[in-house]
Every structure is written in structure tokens, then in C-alpha cells.
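Working notes for the structure below.
The values are calculated or read from the model by the stated rules, or taken from the named source; none is laboratory data. The shown structure was predicted, so the numbers you read here are calculated from the model rather than taken from an experiment. Backbone-built Cβ (ideal geometry, glycine too); neighbour counts: all protein chains shown. Accessible surface is based on the protein model in full, side chains and every heavy atom, while ligands, DNA and RNA are left aside. Shrake-Rupley method; radii C 1.70, N 1.55, O 1.52, S 1.80 Å.
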Protein chains: 6
Amino acid sequence: MSKPNKDAVIALDVGPPAKLTPALQAYFDKCQEKLGFVPNVLRAYGFDTVKLQAFIDMVDDLMLADSGLSKLEREMIAVAVSAVNHCHYCLAAHGAAVRQRARDPIMGELIAQNWRAAHLPARQQAMLAFAEKLTETPAKIEEADRAALRAAGFSDRDIWDIAATAAFYNMSNRLAAATDMKPNLAYHDMARTKA
Amino acid sequence: MSKPNKDAVIALDVGPPAKLTPALQAYFDKCQEKLGFVPNVLRAYGFDTVKLQAFIDMVDDLMLADSGLSKLEREMIAVAVSAVNHCHYCLAAHGAAVRQRARDPIMGELIAQNWRAAHLPARQQAMLAFAEKLTETPAKIEEADRAALRAAGFSDRDIWDIAATAAFYNMSNRLAAATDMKPNLAYHDMARTKA
Amino acid sequence: MSKPNKDAVIALDVGPPAKLTPALQAYFDKCQEKLGFVPNVLRAYGFDTVKLQAFIDMVDDLMLADSGLSKLEREMIAVAVSAVNHCHYCLAAHGAAVRQRARDPIMGELIAQNWRAAHLPARQQAMLAFAEKLTETPAKIEEADRAALRAAGFSDRDIWDIAATAAFYNMSNRLAAATDMKPNLAYHDMARTKA
Amino acid sequence: MSKPNKDAVIALDVGPPAKLTPALQAYFDKCQEKLGFVPNVLRAYGFDTVKLQAFIDMVDDLMLADSGLSKLEREMIAVAVSAVNHCHYCLAAHGAAVRQRARDPIMGELIAQNWRAAHLPARQQAMLAFAEKLTETPAKIEEADRAALRAAGFSDRDIWDIAATAAFYNMSNRLAAATDMKPNLAYHDMARTKA
Amino acid sequence: MSKPNKDAVIALDVGPPAKLTPALQAYFDKCQEKLGFVPNVLRAYGFDTVKLQAFIDMVDDLMLADSGLSKLEREMIAVAVSAVNHCHYCLAAHGAAVRQRARDPIMGELIAQNWRAAHLPARQQAMLAFAEKLTETPAKIEEADRAALRAAGFSDRDIWDIAATAAFYNMSNRLAAATDMKPNLAYHDMARTKA
Amino acid sequence: MSKPNKDAVIALDVGPPAKLTPALQAYFDKCQEKLGFVPNVLRAYGFDTVKLQAFIDMVDDLMLADSGLSKLEREMIAVAVSAVNHCHYCLAAHGAAVRQRARDPIMGELIAQNWRAAHLPARQQAMLAFAEKLTETPAKIEEADRAALRAAGFSDRDIWDIAATAAFYNMSNRLAAATDMKPNLAYHDMARTKA
């Protein structure tokens, strides 16, 4: 049993990258062009193009499709869930995203540290309180929790999106933890200064 | 704010079903033919075909693609994770699946109640212990946990599959909890008698 | 140190069964006649007739004596407590009982999976919320918790019965866990179809 | 809804004491003679002589019958479990008992505060570690936990007694918490000085 | 690696006592005169007079300086926090203090066992509920928690003192736990009888 | 009850700053000169110079005095403890310090996110594992935990320093949480680029 290579993207030797489909190659190229790199989570999934495509389809829909939640709000959920789970990968990657989308690097950090300290609007406090409870004690969600979101102004369709986003990061946090996934170093410096 | 309809699949009014793509229609037809019903989780996602297709792509790859884990082992992970999270939907649906794949209804129930009581082979105990720790305290997974799986005979590629499956049900458990998703009644009676 | 016999009722070798008193023999005979078997918990206690009689006296009083709680409600408490504690023995045995008394096998399963998903009447939700809190954080019960039961229509005498039943299964769950007590296989098939 | 009487033994009005059977009257008389009082837990159960007798039968067998555990060891389990559960009644009553049986009031207090600080012999540390795990996470007890007790010199029969005693106080702690049971004031001063 | 000396004040060999400054010598002399002994926590810190002086300055200000909280109330916080953390040293030392300041040994014990059982005035219940939450889940304190203290009659300046005292015992509990600090035996008998 | 001023250093109105002693004024001046600002925690304590001086004396001794732990290691403990407690103030202030002392901004972030992901040397992993356990379950520290530190190369005197530092941040995290203490904005940008 060899010691995992500390420079690898994950601590598992899952084999060489698969040959990308044209659609995936185009996607990787676009990452390279827009971000300057391909996010390591995609490289981690790269040994199997079916898994990779399914992951991309799900995350892009959740984070980028039309929604009553702003893209910033969806990143806030990603970061708040990842903070509960102490997920290094997601705090690095989505911490950068929330700094960027908020155009406010300090607020971005705040969500990663403790959203309660961020003095967010009531709507966003309700959203993150729900995401936190769903992360910590999913079995105890009840109608009153959904009612609190409605009272904060969210539609039922918005509640689905809050739930699906919080749920998704409970998955990806765990995949990252299980595999010791390492974020691209470039995330560290992204959006550190106020836009 | 109207009270959610208790007969609905979920406790959220997310709008009418979208028109299925031909591929999705074929998929639903196949469910109907093989199971006698379309699983409610698919109906729940049915308001948006992009979300529905991404969910199907991910779950079918995880549970049905080639893997060093048997299909039964993947269902065991689904059920053990859902037991930690007390997820009614997933315990009903995957409880049926594990009863069916095990061809042993009692063993199926056992995993849903407490896998430690099932006196499983060491390999499967190691697998479920990892899935349980990843569910409960993902931040505390460390190299020793992966090493324990290797010592139990799993390859690094298998460990990815254990991780990805356990992570996925941490997502779907939470989506089900957040939306009060109701399983098809038919699951209850499936595979109750020894095959 | 020999490996415990996996076919034994418990994982401890506590010696041979004691000679039953006539009263206990009659009790076992009645179990055999009515259930078709003697519950394994009684066999487990069978090495000592004093312990066995005290156990029977307590459980029969709790579950069968006159009470403001119906027998079904007492089984619901047993199952909800056992679900928190993930007790295989009690979920098998009292899961069967709740399916039988409810004359509704699906509702029975539901309580074992997550009572919050069962959409019970407010009275029973209050009862199970109290039993759950008493199970998880007994030190934090306060007057407000008793007041919530009174507000749900329970008398003080009923509250004693809720408390005593929930407390009892916190005991028997732990005896079963500590000894790896195995339920009779017959429980699995009992009351699986709607009466 | 009247406020519970703060001088009552419990915070529930469960009705007047039942007429004691001759056996129970004799038992109460003996308590009065030996302790100078009837323990409040018996008064609390006094509204129903069937419940009272079953409770006495169980607790007296556990704490006083022949066992490979000394009576002091059984009181140590009672106190260690009650410390986890922060049970006022049991810490007062069994704290007195452990001070008395140990003939060492300081050691008695120590178990109530934190048994790990008591530098007990390895046998008793193993016993209390098992009782603590059984109290906190019963679902996670496994063969290794029983093996650790055997390695510390306990027979399987002893392990039953450790388990049954720890389980019993998980019941009585919860009955006391649920009913706000008040211990007799006399416990406070018992066995405070070294015998 | 030698086994720690069980008669030492702590389980660490941190070297010989430093030569006390005149101020510290006077302080130790005063302890000896007033209490009959120097508290072991001071002896534990005695290897370094800078650390010792800083500890004394902080604890004496917290517990003895002018405050909207009575000295008894500050001891109640010390004991309630130490009960959550099961800190033997602090329960022994501050248990004695609360018995003494309350001039009520039984009430003193009660706080150490479970403050909820003490039927304290609403003001003190609010104070201890805040201290308990701050101990268990500091990340979840929010404005509503401070508001509850204000509603119970505390000024903002009092809230600082509640917070600082609860926070301090979360420190000293952990120093005591980490070093296995042993309290002076004399604490055991202090203030056991009603003044 | 007025709403706390969101621009204030803490969410409590504890009155105006006290007149600083010459020693404290010199200390504040030195902060201003070296950091460019006075840390908000000092401003928060500024209403009372006795409390302020005691806090400074303790923290400066812990973090700056001679020790077998490097100053970086002490900051790592501060950050790892604050991560468990999700303390915004301490993660901001000591996150900056750890970035600065490590001369490695990315490693600094890593400790704040999850020290297990940082692949630290065995010595520092042992140190942070102890600090984490002391933070989460102080009652369960036992001789084996101290032995693990000794095996990692720490002297008993070093163990005191690990314990005292971890304990201290369990205090200051809670004071910050209880008062909603806000860090100076300047911390955000400190030491973000590799030195």
C-alpha cells in the first residue's frame, strides 16, 4: 500500500484521466479561459466521463439556472453548509465565489466563518438557518421550517432550490472529505479586494 | 399561505409537471413496466426536466454502473446512510431494494435498523463504518479511514464508489427531508418474502 | 475467550435457562399459544427467574394496563424511542406490534423510520416529541415540555405513562444493544398486510 | 392548568397514594426504620401499587442480588450514568449510596463529577467506560466493547449485570427528568464523613 | 516516560515552583489564613509567576469586583458551566463556593447536578440558560439570546459579566481537564451544613 | 430596548471607554504603530482597565512568552479551536496571524478551514488533535491523550502550553460569540500574499 501522493488532486489512485468527450473538452477549455484553470473537482471526476458529465449537469443547473435565489444566495448556501462540515475544498472554491459574487471580500469570509456574525437581511438569515438545520439534523425538519421560509418571502419553488442546493453541498462536502480533495491554489487569491 | 396537500408527493407546490423529453418519457415508461410505478422522487423532480435528467444520470451511474461494489453493497450504503439520517423516503425505497437484491428480506430490514446488528462480513462492516463516519462527521475523515478500507480489500477505485454513494444519499436524504417527500406505497410490500 | 455463538439469543454466555416457576411456565405457554413463539427477550432473561419476572411485571403493566394512552400509542412510543437509539431488537418486535395495533402496516413502518413523516394527529406528535426529547436530552426537560403535553390534551396521569414508557424503552434498547439481542425471525412477517 | 406544587415529590398530579399491600407497607416500614425515610421515588410510584412493586422488584434485584459486581460497583454505575444524564434525583440518592458503600465520601463525589478523574482500578474504568458508551451511543456498542470487559476480567454474566444496571438508570434518570422528581433532603447529609 | 505521580496537583511534571513575588507570597498567605490552604489551581500555576499573576488578576476581577451580578450568581455560573463540562476540579472548588455563598448546601449541590431542577427565580434561570448555550454551542448565540437576558432584567453591562464568567470557566475547566488537576480535599467538607 | 448599533465593536452597550492607565496607553500606542490599529478586542474591554490589563497579561504571556511551542504553533492552536467554535472574531484576527507567522497565506487558510486537510507534520497533528478534543469533549481527556503528545515529542511543560492556549481560545471564542464582537476590517487583507 503506497502512501498517497500529496500533490495529487485526491488521496485515491483512481486511474488515469479518461478521454474527454467533445462537450466535456469544450467545457474544460471554457473553464481554462474564464477561470485560468480547470477546477480540481472536475479533474478528480475526470477518470470517468459519465460521472463527470452528471456532476457538471447537476451543479451547473443548481448554481446557474434561473431561480428565485440569486447566484450569490446560492453561493452563500454552499459556503454556509461547507462551514458546518468544515470542508476545505468547498470553503476554498465557494469562498472565492461568494467573495466574487458579493463584490465584498469581507462579507465572503464572514459567511465561511459564521453566517450569524454577518448581520444579513432577514430573508438570507432564514435561508441559511434552514440550510444549517438541514445539514445538521435533517430528520428534524418539519412543516414549521418550511413555513418560516415562506414567512421570509420565499416561494415554494424557491424552497426547493434552497433545499436542493444545501443538499448538494452535503454531498460534495462529503466526497471531498472522503477523498481528501485539494482545491486549486488559485482560489486563494481570487476576489480578495473589493470590486 | 395554504396548507400543503397531504396527498401530494412533496409538501411544496412547485408547479405542474413539465412536458417530458422523449428520453425521459421512455424512462418513465420503463419504470412503470418494470416496477409497476414511477418512483415518487422522479415525479417530485418532474417540474423541471433538466434537474430530473441530471438526477437520473447521477443516481443510475452510481447504483447501476460497473463497480467493484456489488449492486447490493451500494444499496446497503444507501440504507445505512438513510438510517443515520432517519430518511423515510429512502428507507422505504432503498429498504425495498436491499431486501430485493439480498434476496433476504430480514437482512434488508436489519440494515435499516442497525447495520452493526447484521453480523456482516468484515468487508461490508468496514464499508458501512466508513459510510457512517462520512455521514456523521465528514470533517474527521483522515488517511487512517481510507487505509482501513484498503485493509478490508477495497481498491482506491472502490473507495471512490463507497464515498460517492454515501455522499449521494446524504444529498437525497436531505432533499427528501426538506420537501417531506413521500415514497410510493408499493415499496412497502416489495420483496417481503424470501426469494 | 470463545467467539459468541451467532445463533444464540444474545452474544453473552450467561449460563443455562433456569427452571421456570409455574407462573412463568404458564406465561411462556401463553406466548407460544398466542404468538407462536416465546419472545427472545424473555429467553434472554431466562437464566434468572427473578429478573425475568420483574421484567415481565414491568413491561406488561406499562404496555397493557389501563391508561389514558391507547395500546397503539404506547407501541408508538416504544418504536419512536427505539428509532432514536437504532435498536434492532425493539424495532423488530415493537415495529410488528405497532403495525398490528394500527391495523396499518405502512404507518407502522413510518414510525420506525421517522415519526415526523407520519403526519400524525397533533396529540400524538406532542407525545412523540416529548418521548424523543426525553430520549436525547433528558437533562433539558422542563416545565414547558410538560405544559406542551397538557396543551395537547394529556392529563398529568397520562404524562406519567408517556414518561414511563419512553424511559422503559431507553432501558430495554440499551440492554438489547449491550447484549446484541436477536429478535425472533417471526416478527419480520407479522402484520405486513393491512388488516 | 394549575402550576405544579413545588413541594410535591413530582411535578405531576397523578392522584392520591394507593393503599399499600401488606408487602409494600412492610417494605416502606423497613425503609423508614433503616434510612429514616421512604425514598421519594417510591412515594412517586405510590399512586399505583402494581407499578411500585414492579419497580422495587427490579431495582432490588439489580442492586442487591448476588452478582460478580460488588454493591459499590453497581452504585458506581448508577452514579456514572446519572452524571451523563445530569439526573438530580439519582445523583442525590445514589451519590449518597456510593459515598456510603465506598466508605469514602470524596471518592463518591468524584464519580458524580467525572469518573475519569477518580483514578479507579482498570477493572472499574472498563466497567464505567462501557456504561458511559451504552448511555451515550447505544447503537454503536459492538463485540469489541464486550471483549474489552472480558479483557478487564469480567465474565459474560458480569457483563449482563453491568449492562442491566446501566440500562436501568437510563430508565430511571429519564422518569425522574420527565416528572421533575425531587430527592429526599436527607440524602444530602448522608455519608459525608469518612466512615 | 514515567507514570505521573498520582499525589501531584496535576498529571504533568512542569518543574519546581517558582520563587513567589512578594505580592504573590502575600496572596498565598492570605489564602492560607482565610481558607486554611492554597487552592491547588494556584499551586499548579506556581511554576511561572507571570502566568500565576495573570490568572489571579483575571479570576479575582471576575468573581469579586463590583458587578450587577451577586457573587453567588457568579459562582452559580461557574458551577453550571463546570457541570456541562463535567470538570472535577471546578465542581469541587466552586461547588463549595456556591454552597457557602448560598448559605444553602442543598441548593449548591443542585446547581452542580442540574440547575433546571433548582427552581431558581426567572432571572437566574435566564442567566444559566445563556451560560449553558454559550458553553455548548457558542456559534449559535444570536441577538435573541441577549434580548432574553435583557427581558430578564439584566443590563448590557451585566450581560458582559455573565458572558465573561461563563467564558472563563470554559477555559479553566479545560485547563483542569487537560492537566488532570486535583482539587484540595478540604473543599469536600466546606459548607456542607446550613449556615 | 434599542437595537444594538451595528457599527459598534460589540452588540452590548457597556458604557464609555475608561481612561487608560499610562501603561495601557503605551500598549495601545504600540499596537497602533505596529499593526496600524488597536485590536477591537482591546477596545471591547476598554470600559474597564482592570479587565483589560488582565486580558492583555494573559494573552501576551500565552502567545509571546518563551515556550517549547513556536509562536506559529500557538496561533495554529488559536485558529483550530476557533474553527471548531466557528468564532468570526478569532478566525479573522488569528487567521491573519497564522498566515503571517507561517509566511504562507494558503496554509493559514487551511487551518481555519480544516486542519486535517493541511497535511501537517505528525507533531502538529498531535497538537491540534489534542486541542480539538479538549475543545469538543473536555470531560473525556485522559492519560492516553497526554501520552500521545509525549510520544509526538512534547515535554510536559509543552503540554501545559498546548492546554493553556487551547483553553484560552475556548474562553475568548465564547466572549466574542456572546457579545457579537467584530474584528477590525484590516485583518482581512493582512498577509494575503506569500512573504
- Task: Within 10 Å, count the other beta carbons around each residue, average over each peptide in D:147-154, F:20-27, F:97-104, and list them highest first.
- Result: F:97-104, D:147-154, F:20-27
- Item | Check: the protein assembly as shown dipole with +1 on Lys, Arg Cβ and -1 on Asp, Glu Cβ, in debye | 0 debye
- Task: With everything on Cα atoms, drop me the angle between helix D:22-35 and the longest principal axis of chain D, reported from 0 to 90° to the nearest 10.
- Result: 70 degrees
- Mind putting a number on the dipole of the stretch C:1-154 about its Cα centre? Charges go on the C-beta only, +1 for Lys and Arg and -1 for Asp and Glu, and I need it in Debye to the nearest 20. 220 debye
- Accessible surface of chain B [probe 1.4 Å, protein heavy atoms]: carbon and sulfur percent: 55 percent
- Message: For the protein assembly as shown, what does the accessible surface come to per residue with a 1.4 Å probe? Please give it in Å².
- Response: 38 Å²
- For labels at E:ALA18 and E:ARG123 in the simple 7 Å Cα→Cβ model, what's the distance in nm? 4.0 nm
- Message: With angles folded into 0 to 90 degrees, how steeply does helix D:122-136 sit against the dominant principal axis of chain D? Use alpha carbons for both and round to 10.
- Response: 60 degrees
- Under the rule that a partner needs its Cβ under 4.7 Å from the first Cβ, which Cys of chain B have none? B:CYS31
- Applying the gyration tensor rule to the Cα atoms of the protein assembly as shown (axes a ≥ b ≥ c; rounded if a/c under 1.5, else prolate if a/b exceeds b/c, else oblate), the class is oblate
- Note on the structure: Kirkwood Rh over alpha-carbon pairs of the stretch D:100-156 plugged into Stokes-Einstein at 20 °C, 1.002 mPa s gives a D in µm²/s of 173 µm²/s
- Message: So if I take the alpha carbon set of the stretch A:123-195, get Rg, then get Rh from the Kirkwood formula, what is the Rg over Rh ratio?
- Response: 1.09
- P(r) histogram, all alpha-carbon pairs of chain A included - 10 Å bins from 0, percent: 9, 34, 36, 17, 4, 0
- Query: So what's the angle, to the nearest 10 degrees on a 0 to 90 scale, between helix E:49-64 and the longest Cα principal axis of chain E?
  - Reply: 30 degrees
- Task: Under a cut-off of 15 Å between alpha-carbon atoms, report the aspartates and glutamates in cross-link reach of A:LYS182, not counting same-chain residues fewer than 8 places apart.
- Result: A:ASP7, A:ASP13, B:GLU142, B:GLU143, F:GLU109
- Query: Put +1 on the Cβ of each Lys and Arg and -1 on the Cβ of each Asp and Glu in the stretch D:2-109; which of D:PHE28, D:MET76, D:LEU12 then has its Cα farthest toward the positive end of the dipole?
  - Reply: D:LEU12
- Message: Counting protein heavy atoms only and a 1.4 angstrom probe, how many square angstrom of accessible surface do chains F and E bury in total, to the nearest 100?
- Response: 4200 Å²
- Within 10 Å of each Cβ of A:46-55, how many other protein chain Cβ atoms are there on average? 4
- Query: Which FRET efficiency, nearest 0.05, do E:ALA148 and F:SER155 yield, Cβ-Cβ r, R0 35 Å?
  - Reply: 0.15
- Message: Nearest 500 deg cm²/dmol is fine: what mean residue ellipticity at 222 nm does chain D get from its DSSP H runs of n ≥ 4 alone, each adding -39,500 (n - 2.57), divided by its residue count?
- Response: -20000 deg cm²/dmol
- Roughly how big is the stretch A:70-112's charge dipole about its Cα centre, with Cβ charges of +1 (Lys, Arg) and -1 (Asp, Glu), in debye to the nearest 20? 140 debye
- Item | Size of the stretch F:58-130 as Cα extents on the principal axes (Å, biggest first) | 29, 28, 24
- Message: Could you tell me which residue out of F:ALA144, F:GLN100, F:ILE159 lies farthest along the dipole of the stretch F:43-195 toward its positive end? Charges go on the beta carbon: Lys and Arg +1, Asp and Glu -1, centred on the Cα centre.
- Response: F:GLN100
